[in-house]
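Worksheet for the structure shown next.
The values are calculated or read from the model by the stated rules, or taken from the named source; none is laboratory data. Values in this document were obtained by computation on a predicted structure and should not be read as measured data. Cβ placement follows ideal geometry from the backbone for every residue including glycine, while neighbour counts extend to all protein chains displayed.
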């Protein structure tokens, strides 16, 4: 029912935890809703000049595939620039984790979480630039 | 202790070895067709079926002639409801049932609605029980049938069957009850409770799959049904088809065992179930029991483990067989409609687990499961953004969620 990679991420999730939301170099994305059975929180820490993601953390309420999708996403994000991160597609996650059709929405949520985190980071940056 | 541990006895039960023992000869040397009237093979099979019919009847306070063998409770529900709707069409066209019934009842009613029947789906109260005043109010001149299950398959809540039976009798409406989950766990009595039709299944009570029965009252009142399957006119014309003799023999034996052992077994299972519940409530915060504890099957526990999604919990409990009300585990991708009817929010329905204890579970197994649930819930809460927010004092109901 579950692929070995999903089972591995579920049993040994990578990068579980939280980064300081108020840190201007941290972007936080929270997607999904409790009544839908999935909530993903994904955070990135970006190095200002290079726009390289130096750290990524997640916490997920959801099924094993949702946990695996977000765990994989944090693994992929580290070391990428923001622009490279935006190239991650949910289909890449589906392929890597061999998700069945009923679990595709988990990968979509992970892609949305990446985008939301980057958007939050950019908003913080532009907000600071406007202000300064 | 053998693993995985089976704690999903509402889905099905393992067959009791004594039941299998009773069945085996009827597959080989005693293979006759119970409808063969002119040789000893047939007589032998018929005799076995009639013995089983008596064993089933005795367990529920019926007489043998009132038991119609079927393939299971789904067929019995269909036969009872559709059979009454068709037979009593001139008398009326209104059926009353309850929102938390099994799909075999609800979907049968839905189909009848397409054919012109009117159906009232009564809501339940917070604890899962039918509101008797609402039931009284729902009955009209055109009501021909009330269908209310004895005990719910998800939350184990036992409905006030005697009171419902009394209301139905007083108003001259037939009363059907699906007793699939209750039979063999609590005393079921068609006379005491004024039940006119009752569905039973063998495989939820340590008997074989593919065998069930419909109790059809023969006296005060004599209930008539329109058969839903045409054929040889077996089972007094109500259910055609060659009888599943080995299955029926097993069903009878399963009933006889329950009759002898039910009191002790139910007390033992209630003790184990309460230990499981008390331990989970003591060792975890934010856990909730779904449904009434006062009116409940002795072997059922249904709990929500807030902030932990049910399917991920089942995945962690990989050496334990239980089931969840989470959408991810259902064919419809909707969370449990039973919990919804109780007013449990979707966010908590997604976190629910049903534990169904059975005859072959030991105290050691139940203790092990309790420990595993605590371990997995604790681990998954460390992964849960909702748990983190709740601990920070965020009111999750007031958060603007970015819905898909």
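Restricting attention to region B:20-56 and to residues that are within 12 Å of residue B:252 (Cβ to Cβ) and without any contact (Cβ under 8 Å) to a residue 60 or more places away in the chain, the residue that is surrounded by the fewest Cβ atoms within 10 Å (Cβ to Cβ) turns out to be B:47.
Within region B:171-187, being in a loop (DSSP other than H, G, I, E, B) and buried (at least 24 other Cβ atoms within 10 Å of the Cβ) holds for B:179, B:180, B:181, B:182, B:184, B:185. What residue, among those in region A:1-31 that are modelled with pLDDT of 95 or more and under 17 Å from residue B:399 (Cβ atoms), is surrounded by the fewest Cβ atoms within 10 Å (Cβ to Cβ)? Among those residues, the one meeting the criterion is A:18.
Of the candidates B:256, B:168, the single residue that is buried (at least 18 other Cβ atoms within 10 Å of the Cβ), over 19 Å from the mean Cα position of the chain (by Cα) and without any contact (Cβ under 8 Å) to a residue 60 or more places away in the chain is B:168. Is one or more of the residues making up region B:49-72 within 23 Å of residue B:124 (Cα to Cα) and assigned by TED's automatic domain parsing to the domain that holds residue B:154? The answer is no; no qualifying residue exists. Across region B:262-286, the number of residues qualifying as under 23 Å from the mean Cα position of the chain (by Cα) and free of Cβ contacts under 8 Å to residues at least 24 places away in the same chain comes to 5. Within region A:9-58, being within 20 Å of residue A:107 (Cβ to Cβ) and without any contact (Cβ under 8 Å) to a residue 12 or more places away in the chain holds for A:11, A:12, A:33, A:36. Take residue B:75 and decide whether it is closer than 26 Å to residue B:262 by Cα and without any contact (Cβ under 8 Å) to a residue 40 or more places away in the chain. Judged against the criteria, residue B:75 is not a match.
Taking the criterion of being closer than 15 Å to residue A:59 by Cα and within 11 Å of another protein chain (Cβ to nearest Cβ), the residues of region B:346-388 that qualify are B:379, B:380, B:381, B:382, B:383, B:384, B:385, B:386, B:387, B:388.
Does region B:263-278 contain any residue that is at pLDDT 95 or above, under 17 Å from residue B:368 (Cα atoms) and either within 14 Å of chain A (Cβ to nearest Cβ) or in contact with a helix residue (DSSP H, G or I) (Cβ under 6 Å, 6 or more places away or on another chain) (or both)? For region B:263-278, residues at pLDDT 95 or above, under 17 Å from residue B:368 (Cα atoms) and either within 14 Å of chain A (Cβ to nearest Cβ) or in contact with a helix residue (DSSP H, G or I) (Cβ under 6 Å, 6 or more places away or on another chain) (or both): present. Between B:373, B:366, B:377, which is in contact (Cβ under 8 Å) with a residue 60 or more places away in the chain, buried (at least 20 other Cβ atoms within 10 Å of the Cβ) and either assigned to a loop (DSSP other than H, G, I, E, B) or in contact with a strand residue (DSSP E or B) (Cβ under 6 Å, 6 or more places away or on another chain) (or both)? Testing whether each residue is in contact (Cβ under 8 Å) with a residue 60 or more places away in the chain, buried (at least 20 other Cβ atoms within 10 Å of the Cβ) and either assigned to a loop (DSSP other than H, G, I, E, B) or in contact with a strand residue (DSSP E or B) (Cβ under 6 Å, 6 or more places away or on another chain) (or both) leaves just B:377.
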